[in-house]
1. Kindly list, by first and then second residue, each pair from a residue in the range A:15-33 that is closer than 9 Å to A:E106 by Cβ to a residue that is among the β-branched types (V, I, T), limited to pairs with Cβ atoms under 7 Å and residues at least 6 apart or on different chains.
2. In the range A:73-85, what residues are surrounded by 17 or more Cβ atoms within 10 Å (Cβ to Cβ) and within 12 Å of another protein chain (Cβ to nearest Cβ)?
3. Scan the range A:19-28 for residues that are at pLDDT 95 or above and within 9 Å of chain B (Cβ to nearest Cβ) and jot them down.
4. Could you tell me which numbered condition A:V6 fails, if it satisfies all but one of (1) crowded, with 22+ Cβ neighbours inside 10 Å; (2) at the interface with another protein chain (Cβ under 9 Å from one of its Cβ atoms); (3) not in a helix (DSSP H, G or I)?
5. Every residue in the range A:8-65 that is touching a Ser or Thr at 6+ places or on another chain (Cβ under 8 Å) and of a type in the set (D, E, K, R), please.
6. I need a count of the residues in the range A:66-107 that are outside any loop (DSSP other than H, G, I, E, B), more than 27 Å from A:T13 (Cα to Cα) and in contact with a strand residue (DSSP E or B) (Cβ under 6 Å, 6 or more places away or on another chain).
7. In the set B:L12, B:L7, which member is under 25 Å from A:S5 (Cα atoms), buried (at least 19 other Cβ atoms within 10 Å of the Cβ) and within 14 Å of chain A (Cβ to nearest Cβ)?
Amino acid sequence: MHELSVAHAIVSTVVEALPEDAPRVLEVRVRIGVLSGIVPEALTFAYDVAAHGTRLADAALHIERAPVVVYCPTCEAEMLLAGTNDFHCPACGTPSNDVRDGKDMEIVSLVLDDEPIGATS
Amino acid sequence: MTRVVELKKGVLEKNDLLARSLRATYTEAGLPVSNWVSSPGTGKTALLEALLTEAVNGGICAAALVGDCATDNDAQRLARSGAPVRQIVTEGMCHLEADMISEHLVDWDLNSLDLLVIENVGNLVCPSGFDLGESTRVALLSVTEGEDKPLKYPQIFHSADVIVLTKVDIADAVEWRREEAYAALRQVNPVARIIETSARRGHGVSDLLATLMSSTPVGGNTLTPQEA
């Protein structure tokens, strides 16, 4: 259940990056590599727990999954892998551990509500 | 009206930064550090016990940090080898993070050590994304686990620099299918060094010790080796 650690890291990183007078955050968009071992449903659940009582309490979490991309020395190209358990080039079969994408977890962007708070009243 | 602002921040940035600074500290001390990961019950502690004893007998100053959810049983058991050992009790947390390592290295003179082994919490999923600054990640698999386990938990086996097969002394008794296990390991990790061991019989222990000692304290197959 390392999703809770990851969720806390997401919340604290975003909260620290937000200026005091920042508008309301509607959505936090993250990109999660499939090699990170994160279960999206578990992360969503853990995020709700971690965001509770913070400035992100009402902000939704949007998760984009990043598939594995390896560099194939034979094809001299970056190749997209279909899954996470076969590290051979899908075109020529050359083994490769040179992972170029699909490992990291990134907070990509925030969707902010530009309406000043209370403007509708 | 809504507005999208870019943030572009690594989720584990804090851990990665601390791991990078730990890696620099190890490099400065010329200290090879390995991070051992496996399921509970694979035999990490038994093998580490054999490894530390072999190191002590060979005049090598090896030390260990051992992570568990509860108890200091492993540290007590490993300390019998005569090596310096510290327990990290995670109080339920399923993996070690870089800050726990730096907290537990306080007061240890890294320059006086020849090898540091970090035994992670027994778990095949959670520790994979958390860089501890190690030079070598060691994933262990016992002959009593399924031969296809690397295919079921590819992340951790993929991230390893060295894969250690344990309990090979009972391989025949449990009808372990060596070729099937190797094929699964090679499918998820074509490049890792594979070492067969038996803690009970002392098989492969000196080979493992030499491999860990010779690992350069920089690089490895951790999260961002190019920035290490």
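The values are calculated or read from the model by the stated rules, or taken from the named source; none is laboratory data. None of the values given here were measured: they were computed from a predicted structure. Virtual Cβ from ideal backbone geometry, glycine too; neighbours counted across all protein chains shown.
1. A:V30/A:I10; A:V30/A:I63; A:V30/A:I107; A:V30/A:V108; A:V30/B:V11; A:R31/A:V108; A:I32/A:I38; A:I32/A:I63
2. Hits for the range A:73-85 are A:L81, A:T84, A:N85.
3. Residues satisfying the conditions are A:L26, A:E27, A:V28.
4. If we test A:V6 against (1) crowded, with 22+ Cβ neighbours inside 10 Å; (2) at the interface with another protein chain (Cβ under 9 Å from one of its Cβ atoms); (3) not in a helix (DSSP H, G or I), just (3) comes out false.
5. Passing the criteria: only A:R29.
6. 8
7. Only one candidate qualifies: B:L12.
The rows are residues; the columns are (1) away from chain A (no Cβ under 13 Å); (2) farther than 24 Å from B:A50 by Cα.
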position: B:H158; (1), (2): no, yes
position: B:I163; (1), (2): no, no
position: B:D169; (1), (2): yes, no
position: B:R178; (1), (2): yes, no
position: B:V191; (1), (2): no, yes
